[in-house]
Amino acid sequence: AGFYSGEFGENQTKIAIAMNQMMTGNTFLYYGDEIGMRYQGQLTSKEGGFGRTGSRTPMQWTNGKNLGFSTADEDKLYLPVDKSEDAPTVENQQNNPDSIFYTVKDIIKIRRDNNSDLGPDGEFEVLYAERNKYPFVYKRGSFIVGVNPSANAEAVDFGYEIKETVYQIGDAKVENGKLTLQGQSFILVKI
């Protein structure tokens, strides 16, 4: 698991994935990111995995035995699956439109469908970024992305006319010349 290590909440994970997918270049997801698999600490290193061993546990497909990865006995698995009662699985998330799984599907579709502006070679311009402050706001062609992973509401002056809000996580809005992002929010708008 790359984005969700247990240090972040589900909303912060969604925001991190959305921001990553809206950046320039070739974006990536490690398997398990799409459901928010958690880092499994305290595992013995396997084949030089060292600190990354806990990020290389089996994909969690269902709520069944070994979370759907294998029907083998638990002691036969190369690495253990998440034993938490709330362990994320594809099965738990594939029918929940508010899940990390759907956020990943939605944001990848937006990037794919608008690839001239949001693709790897699309324009990138920072509109607002200050050291140790939020939000982070940037322009990708005819799109503007606003990201606020902090717990506090943040606002910046905004001089663009919005045609459409394309995607949103949390509470964010543009009105009266300001972009306001409540704590842990993300917005993608078309200008």
task: Pop out the carbon and sulfur fraction of the accessible area of segment 1-113 as a percent, whole number, probe 1.4 Å.
output: 49
query: Can you give the accessible area of residue 91, probe radius 1.4 Å, in Å² rounded to 10?
result: 80
Estimated dipole of the chain in Debye, rounded to 20 [Cβ of Lys and Arg +1, of Asp and Glu -1, Cα centre]: 260
field: Surface per residue (accessible, 1.4 Å probe) for the chain, Å²
entry: 55
task: Check cross-link reach from residue 163 to the lysines: straight Cα distance under 26 Å, and skip same-chain residues fewer than eight apart.
output: 14, 105, 109, 139, 173, 178, 190
query: At 222 nm, what helix-only mean residue ellipticity would the chain give, in deg cm²/dmol to the nearest 500, using -39500 (n - 2.57) for each DSSP H run of four or more?
result: -5000 deg cm²/dmol
Positive-pole candidate from 64, 81, 28, dipole of segment 18-88, charges at beta carbon: 28
field: Value of relative contact order over the chain, rounded to a whole percent, pairs C-alpha under 8 Å and six or more apart
entry: 19
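The values are calculated or read from the model by the stated rules, or taken from the named source; none is laboratory data. Quick caveat, the model's predicted, so the values are computed rather than measured. For neighbour counting, all protein chains shown are included, and Cβ atoms are generated from backbone atoms with ideal geometry for every residue, glycine included. To get the accessible areas, we keep the full protein, side chains included, count just its heavy atoms, and leave off ligands, DNA and RNA. Shrake-Rupley method; radii C 1.70, N 1.55, O 1.52, S 1.80 Å.
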